[in-house]
1. Specify whether the C-alpha gyration tensor of the chain places it in the rounded, prolate or oblate class, a ≥ b ≥ c being the square roots of the eigenvalues: rounded for a/c under 1.5, otherwise prolate if a/b is larger than b/c and oblate if not.
2. Treating only the Cβ of Lys, Arg, Asp and Glu as charged (+1, +1, -1, -1), what charge dipole size does the range 64-137 show about its Cα centre? Round to the nearest 20 debye.
3. Based on the mean of other Cβ atoms within 10 Å per residue, sort peptides 148-156, 110-118 so the most packed one is first.
4. If you count only protein heavy atoms with a 1.4 Å probe, what accessible area per residue comes out for the range 111-172, rounded to a whole Å²?
5. Report the relative contact order of the range 1-75, percent, no decimals, based on alpha-carbon pairs under 8 angstrom and at least 6 residues apart.
6. As a check on your grasp of the helix formula, calculate [θ] at 222 nm for the chain: sum -39500 (n - 2.57) over DSSP H runs of n ≥ 4, divide by the residue count, round to the nearest 500.
7. In percent, how large is the relative contact order of the chain, given Cα pairs closer than 8 Å and 6 or more residues apart?
8. What percentage of the solvent-accessible surface of the chain, computed with a 1.4 Å probe over protein heavy atoms, is contributed by carbon and sulfur atoms?
Amino acid sequence: MRQKVIAGNWKMHCTIPEARRLATQLTKRLDKKPAPKTRVIICPPSTALSAVSEVAKGSAVYVGAQNIAWEEEGAFTGEVSVKMIKNAGAKYTIIAHSERRKYFNETSNIINKKIKTALRNKVKVIYCVGETLDERQNNLTKDIVLNQMEWDLKDLEVTDLKNMMIAYEPVWAIGTGKTATPEQAQDVHSFIRDIVDTIFKGSPASKLSILYGGSVKPGNAEDLLSQPDIDGALVGGAALDAAGFHKIIQASEKVGKK
Ligand code: PGA
């Protein structure tokens, strides 16, 4: 059985007091027993990691960062290291979000180093892939995803996958209100699982959680999460509203085990 996951990517939103408030609203909603079977992760901006980790302590909520530097330490002005986010309470980090690829020119080489740096430091990775609208319209979705995975995951070991999950996030669906249909998402998710089994020996893909991201909302979560290869969601905009995000967690709790 694969771990179900609902992760919230707060992006560049929330000052420390705002982040504390949002995290508190969420943990209160999740307080009731039994604890959810779904792994709930929230990824605030790095300035709020510490405060949010304090709020999340003892709750069902795990904390993640949105990014890390590929180096562990040194003269890298403006960067935040894996040790820093870990020290601030993060157990996870998102890597290779399409906004990082696009606005911060993250190449496969950089992404590959970041993944290895995170794993070496025992921080789990939410690794993102996905195609642009242009690429989808030109029938390049699978080529793009395959190419990203081949290079981004270069030289990783099959055991590394135990500390990773993959998020399929079609770039055209992020923050646009356009969601991939459950069938479109399922098709790419099952393709990703096949690639993982091709790259890594020993069929590890059956245990790997693959999340969908791109305009996931309370209203569409259940349909997406019901697909056989969709194990969870990486939620942007809708994660900034505790009630809505909680509804997405409830949708995950509702769908059958895979
Ligand atoms: P969205 O963002 O839910 O606002 O589309 C998803 C993401 O970028 O992770």
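The values are calculated or read from the model by the stated rules, or taken from the named source; none is laboratory data. Note that this is a predicted model, so its numbers are computed, not measured. Ideal geometry is used to build each Cβ from the backbone, glycine not excepted, and the neighbour counts take in all protein chains shown. Each accessible area value is taken on the protein alone, full model and side chains, heavy atoms only, with ligands, DNA and RNA left out. Shrake-Rupley method; radii C 1.70, N 1.55, O 1.52, S 1.80 Å.
1. Taking the square roots of the gyration eigenvalues as a ≥ b ≥ c, the chain is rounded.
2. In debye, rounded to 20, the range 64-137 gives about 400.
3. So the peptides 148-156, 110-118, ranked by packing, come out 110-118, 148-156.
4. Each residue of the range 111-172 exposes 46 Å² on average to a 1.4 Å probe.
5. Computed over the range 1-75, the figure is 37 percent.
6. The per-residue figure over the chain is -12000 deg cm²/dmol.
7. 22
8. Solvent-exposed carbon and sulfur of the chain make up 52 percent of the total.
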